[in-house]
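Engineer: Just dropping this structure here.
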Amino acid sequence: MKRAILIIMGFLLVGFSAVAQHTVKGTIKDENGQPIPGVNILEKNTTNSAASDLDGNYLIKVGNKATLVFSYIGFKTQEVVVNGRQMIPVKLIEDSAQLEEVVVIGYGSVRRDEITSSISTVKGEDIAKTTASNPAEALQGKAAGVQVLSSGGSPGASPQILVRGITTNNGSQPLIVLDGVMLPDGTSLNFLNPADIENFQILKDASASAIYGSRASNGVVLISTKRGKEGKSIVNVDLSYGMQQMQKINMAGADEYIKVVNLRRTNDGAQPLYDPANFNTDTDWWNEVIENYAPITNANVRASGGSEKINYAASVSFFDQQSNYDKGWYQKVTGRFNVDFKISDKIKLKQDLSPRVERYENTPAALYNLLRIDPLTEVYLPQSERVGRNIYSIYAASKNNVPNPVGNIARQFNETFFFGFFSNTQLDYKITPELTFSSQLGLNVTNAQTDVFTPQYFTTPNQQNEINNIARNTNRNFDYVLNNTINFKKTIKEKHYMNLLGGILYDAQNYNYLNASRDGVPDNENPDLRYLDAAQGEGITVNGNEAQDNIFSAIFRAIYSYDNKYYFTGSLRRDQSSRFPKDNRTGNFKSASFAWDIDSEDFFKSSVINNLRLKVGIGEVGNQNISRAGQFFSVGSDSYVFNGERVVSSFLSQFGNTNLKWETVRDKNIGIETSFFDSALDFSFEYYKKTSKDLLFNVELPNYTGIPGLVAQNVGSFESEGFDAQLGYNKKMGDFTLGLNFNISTNKSKAVALAPGNEQIFGQNRPDLGGRFIKISELGQTVGLFYGFKTNGIFQNQTELNSHTSNDGTAIQPNAKVGDLRFVDKNKDGLLNDNDLQVIGNPFADFYGGLTANLQYKNIDFSMQWYGTYGNDVFNYPSTFLYSGVQDVNVAEGALNKVWTPENTGAKYPRLTQLDRNGNYQRPSDLFIEDGSYLRLRNVQLGYNFNIKGFQKCRFYISGQNLLTLTKYSGFDPEVAAGGNVINDFGIDYARNPVTKTYLLGLNLTL
């Protein structure tokens, strides 16, 4: 009976509750009367919730006596009792405590005002505005002191990040740390979905990065991914689709080409090569090879939310980028699942899982041959000449021996499949309110497989492959990081704040590869037979190896502040690395920094200046990026004939150095930060100087030592010096919001010490320029300068030619003719030879910087981002043939108007000549050096926010990337690809695929 009564009462209560519920609505605004979208409205002690729309309006069904909880980041949480009301307007008050920005630093996080070192922050929302395969591209121009060096416009290209210059010749890429897990050296950010990024924190000086020790000499990039927050589940859908356009490069047509080829000969007294009447072909190779537009697609779905016990953030993204050639593409699918568990008041568990798949076909490097091939050649052989040829042999051979680019592309088969899995598990145990123990296990597994097929084909005896070949290359990496730290935080008597961190860390990286190839696939044209097992030829190659690197570390950091005026930070890291000999495996890296909040002093009174801070820092970081084999002796084998018999001998092929040790960088930094007018205007300025020592160079020892080859030694030193400055303005004026950010930086990296007896290091040997090097790093000078001959105009007449003599009247350039270049006799010895080579240019900018603008008026938003460099030079390598026709290659359209003739004496380029006895185009010279300064509109976006029932937010936008470039550079793209080595490769335009213009449409939806 009692049970029946309880059941009846339960039904009555449920019915009463249903009847008592009614709809509550209202508008949520801030203290200035502006609506606040996205506020979480929760019925207290229930899971019933809602969120405000773009205009701050909300609607929720609750009971008459319910309590509503209004919460939003940066504002104080409010509780409001309904008391039967149907209309409840709400005004939220800013919470200054919440507004204190938390910044991630090494193995922890601190409030922004606790930072005493140099750290730049770039928010994820700014990164997501750029559609690219690699989020590093969106960093360009957004952080002072940080350069993003282009790797060209090919799909999936990975740019290089350079933080405050160059301090080593053993790679300049910074350390990447993802959610506290150190990733292997050289990690590309292609694996990241930009929409998953909460922010980048870039540690620029040693006082910030010394906590990462031996891997921090090039700076550290900390990446934090988005996490779920307590409240209603939110689903975000981001879609974009666009087209990439490669700007056409106009080359000479058949008529102009024939005139150039003939003039090269007649200028030397020879007969013309071609009779125009014999040719009716005029091939536009650009149109044959390049697609005008290539699609780019990006889609991302993200869900996040949580409760008091569990928060989650999950996303899946798809990215597809096609090249402007018939071949070449990049695709990736990424997933990220971040979950935070509050097991108890003392124990929290964080688990991140991120699988990813990447597939790409190498983009053809066809631009170089496209520019050089003659327009008199047809793309294909006539049908009558194709009999007996396979499909890869039907392409016509050019008349100037340049490979047919259409045929080269058709014969390219190079695809890669990449799988990666990242896991990050972290357990936090709060032993006491002040003491927390953390244990973190990070796993990073990657597997890459590349398949390459080279078909059999015949074009000419010099352009053929007699037997086809199939190859498969596999690379597998397994890396793990184990971090155990303990953190103590306490405030004593309201003025003394301490934050102490200690830890034991272990980092292991395991690599292995296996490469195999074989000749003789049975069917040259059947893709189903392109496997190693199907090949039957005798040509077989197999190679493989594995390696492991380990670092065992101990860390300590102390942060102390007094009265919120004086801040001190000191850190120490001790590393033991397996890359070094046993006696030199240990390195100690320490730092100290101090900051003074001058505006907190009683003597400082200003109604204009809100913040004024001075900071200084010093520290040491290391570089362990050296060859594993440098410490080992190795034995090689050879054979010779003795008494008619083959004898195999062994010899010392490499002399190891058991005294190798760390490269170390010592860093000094001083800066000032200030803000004005209620923090609407902020400014910062920093000066730094980094000096490296014990740089590793491969040194050739004197012959009398009997030591073969090159021996690795710690003998060098570089110095990097410069300043960073940043100016920002952010203001909200009614319905209008304005945000401007400008940054500018300088850097000079020079060689302070090189190998004994060797005061010059050369790079980029060019056989076509007399076998000379075009890059030099010289003691006391900026590293990686351009090297060659200086010129002093063009000989305009015989008088000028006759007067260019030595003191005894001997002609300095005896083979020169009127219209040839006049080279400078640097040492004035009356001879023109390699003793006259000198520095002819600098690829590094005097300064570089960026400007970002964000504007919003009601439902319309607009943003743009500019990036530029000033004072840098580019070695325009294509100009060695575009205006000379050397070896009868094609020339640029209008070349005849840019070369010297008796009627065009003001021309930049010398006369056309086939023999080129003066070496106009056989010597590296400043003729090929151009001002590479430029200002580029990297991104511009216009968006409109609108309401659709069922959606919290809807936004449509149009966007453009790289739409406008202001430059005097005559080449294809002043932002030349960096290459693998910044010192030797940067600043040389080798006609790689340029950065494309991109036009996009996008849609952002929030449910």
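Each value in this text was obtained by applying a stated rule to the coordinates, not by laboratory testing. All of these numbers come straight from a predicted model, not from anything done at the bench. Positions of Cβ are backbone-derived with ideal geometry, glycine not excepted, and every protein chain shown enters the neighbour counts.
Engineer: Considering Cα pairs under 8 angstrom that are at least six residues apart, work out the relative contact order of region 667-775 and quote it in whole percent.
Structural biologist: Reported relative contact order: 21 percent.
Engineer: Would you kindly derive the ³J(HN,Hα) couplings of region 920-936 from the backbone phi angles with the Karplus curve 6.51 cos²θ - 1.76 cosθ + 1.60 (θ = phi - 60°), listing them in order in whole Hz, with x for Gly and Pro?
Structural biologist: Taking θ as phi minus 60°, the curve returns 3, 10, 10, 10, x, 8, 6, 4, 9, 8, 10, 5, x, 4, 7, 10, 10 Hz for region 920-936.
Engineer: Quick one: check the C-alpha center-to-center distance for region 757-817 versus region 162-192, whole angstrom.
Structural biologist: 38
Engineer: Something else now. Based only on other Cβ atoms within 10 Å, what is the fewest-to-most ordering of THR664, THR901, THR454?
Structural biologist: The most exposed by this proxy come first: THR901, THR454, THR664.
Engineer: Going by how many other beta carbons lie within 10 Å of each one, how would you line up ARG264, ARG585, fewest first?
Structural biologist: Ordered from fewest to most neighbouring Cβ atoms within 10 Å, ARG264, ARG585 come out as ARG585, ARG264.
Engineer: Treat the count of other C-beta atoms within 10 Å as a stand-in for reagent exposure and order TRP596, TRP866 from fewest to most.
Structural biologist: TRP596, TRP866
Engineer: Tell me the mean residue ellipticity at 222 nm calculated for the chain from its helices only (DSSP H runs of n ≥ 4, each -39500 (n - 2.57), averaged over every residue, nearest 500).
Structural biologist: -2000 deg cm²/dmol
Engineer: Kindly rank 144-153, 253-262 from highest to lowest mean number of other beta carbons found within 10 Å of each residue.
Structural biologist: 144-153, 253-262
Engineer: Give me the net charge of PHE341's neighbourhood, meaning all other residues with Cβ under 10 Å from the Cβ of PHE341; Lys, Arg count +1, Asp, Glu -1.
Structural biologist: Once all neighbours under 10 Å are counted, the net charge is +3.
Engineer: As I understand it, the value is the acute angle between the Cα axis of helix 2-20 and the longest principal axis of the Cα atoms of the chain; what does it come to in degrees, rounded to 10?
Structural biologist: 60
Engineer: Charges at C-beta only: +1 for Lys and Arg, -1 for Asp and Glu. How large is the resulting dipole of region 543-605 about its Cα centre, in Debye rounded to 20?
Structural biologist: Using Cβ point charges on Lys, Arg, Asp and Glu, region 543-605 gives about 360 debye.
Engineer: As a test, work out the antiparallel percent of DSSP beta bridges whose residues both lie in region 17-98, rounded to the nearest 5.
Structural biologist: The antiparallel fraction comes to roughly 85 percent.
Engineer: How high is the relative contact order of the chain? Use alpha-carbon pairs under 8 Å, at least six apart in sequence, and give a whole percent.
Structural biologist: Relative CO of the chain lands at 10 percent.
Engineer: Taking a ≥ b ≥ c as the square roots of the Cα gyration tensor eigenvalues, with a/c under 1.5 meaning rounded and otherwise prolate when a/b beats b/c, else oblate, which class fits region 365-411?
Structural biologist: Here region 365-411 falls in the oblate category.
Engineer: Using only Cα atoms, locate the centre of region 196-234 and the centre of region 520-569, then give the distance between them in Å, rounded to an integer.
Structural biologist: So the separation of the two Cα centres works out to 22 Å.
Engineer: While we're here: Antiparallel versus total DSSP beta bridges in the chain: what percent is that, nearest 5?
Structural biologist: Antiparallel bridges: around 95 percent, rounded to the nearest 5.
Engineer: Hey, can you rank 187-198, 730-741 by average C-beta count inside 10 Å, highest first?
Structural biologist: Packing proxy ranking, top to bottom: 187-198, 730-741.
Engineer: Oh, and also: Please report the equivalent ellipsoid semi-axes of region 727-777, computed as sqrt(5 x eigenvalue) of the Cα gyration tensor, largest first, in whole Å.
Structural biologist: Gyration-tensor ellipsoid for region 727-777: 50, 18, 5 Å.
Engineer: Under the definition of Cα pairs under 8 Å and six or more residues apart, what whole-number percent is the relative contact order of region 517-609?
Structural biologist: Rounded, it is 20 percent for region 517-609.
Engineer: Once the other residues with Cβ under 9 Å from the Cβ of THR746 are scored (Lys, Arg +1; Asp, Glu -1), what is the net sum?
Structural biologist: It works out to a net charge of -2.
Engineer: Which loop-located GluC sites (Glu not before Pro) does region 844-944 contain, where loop means any DSSP state but H, G, I, E or B and the Cβ has at most 11 other Cβ atoms within 10 Å?
Structural biologist: GLU903
Engineer: Please report how far the C-alpha centroid of region 940-986 lies from that of region 726-751, rounded to the nearest whole angstrom.
Structural biologist: 18
Engineer: Relative to the first principal axis of the alpha-carbon coordinates of the chain, what is the inclination of helix 254-266, with its axis defined by its Cα atoms, in degrees from 0 to 90 and to the nearest 10?
Structural biologist: Computed tilt is about 40 degrees.
Engineer: Let me ask something else about it. Local charge sum around ASP916 (other residues, Cβ-Cβ under 14 Å, Lys/Arg +1, Asp/Glu -1)?
Structural biologist: +2
Engineer: Please work out whether region 202-341 counts as rounded, prolate or oblate from its C-alpha gyration tensor, where a ≥ b ≥ c are the square roots of the eigenvalues and a/c under 1.5 means rounded, while otherwise a/b larger than b/c means prolate and anything else oblate?
Structural biologist: Cα axes put region 202-341 in the oblate bin.
Engineer: Now for a different question. Place the peptides 28-41, 275-288, 784-797, 362-375 in order of packing, highest mean first, counting for every residue the other Cβ atoms within 10 Å and averaging per peptide.
Structural biologist: For the peptides 28-41, 275-288, 784-797, 362-375, the packing ranking is 362-375, 784-797, 28-41, 275-288.
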